[in-house]
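The values are calculated or read from the model by the stated rules, or taken from the named source; none is laboratory data. Note that the coordinates shown come from a computational prediction; the quantities given were computed from them, not determined experimentally. Neighbour counts run over all protein chains shown; Cβ positions are idealised from the backbone, glycine included.
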């Protein structure tokens with residue numbers, strides 16, 4: 001994943017990239033990112049075996065129950081992480097005692 005992230009170094013930052021007018025559609029950007037989109041796209045690229053798999057994984061991570069709408073989009077990182085964990089795409093490490 002780190003090597004893939006290096007490939008995208010220098011890509012333009014696009015704030016609020018998913019907030020478009022009109023009906024929500026599944027948007028997949030690989031040329032410009034906001035912070036969340038960058039993390040999401042890296043994770044879905046490395047965990048998919050095809051473009052269709054990438055699109056499907058993105059839909060399932062980005063939207064509750066995979067339903068595409070503004071209201072079901074995981075707007076908060078905590079919600080997105082919880083969904084990714086439930087789907088087995090992401091796991092947390094134990095917290096080191098401080």
### Query
Quick check: is even one residue across the range 48-68 modelled with pLDDT under 90 and assigned to a helix (DSSP H, G or I)?
no
### Task
Check off (1) surrounded by 12 or more Cβ atoms within 10 Å (Cβ to Cβ); (2) at pLDDT below 90; (3) over 16 Å from residue 75 (Cβ atoms) for residue 36 and give me the number that stays unchecked.
(3)
### Hits in the range 50-98 - residues which are in contact with a helix residue (DSSP H, G or I) (Cβ under 6 Å, 6 or more places away or on another chain) and farther than 19 Å from residue 35 by Cα
66, 72
### Task
State the number of residues belonging to the range 60-85 that are over 18 Å from residue 48 (Cα atoms), touching a residue at least 24 places away in the same chain (Cβ under 8 Å) and surrounded by 14 or more Cβ atoms within 10 Å (Cβ to Cβ).
2
### Query
What pairs can you find where one residue is in the range 1-30 and under 20 Å from residue 54 (Cβ atoms), the other is surrounded by fewer than 10 Cβ atoms within 10 Å (Cβ to Cβ), and their Cβ atoms are less than 7 Å apart, with a gap of 6+ or different chains?
11/31
### Query
Taking residue 23, is it touching a helix residue (DSSP H, G or I) at 6+ places or on another chain (Cβ under 9 Å) and at pLDDT 90 or above?
no
#### Entry: Answer from 18, 4 - the residue that is surrounded by 11 or more Cβ atoms within 10 Å (Cβ to Cβ) and part of a helix (DSSP H, G or I)
4
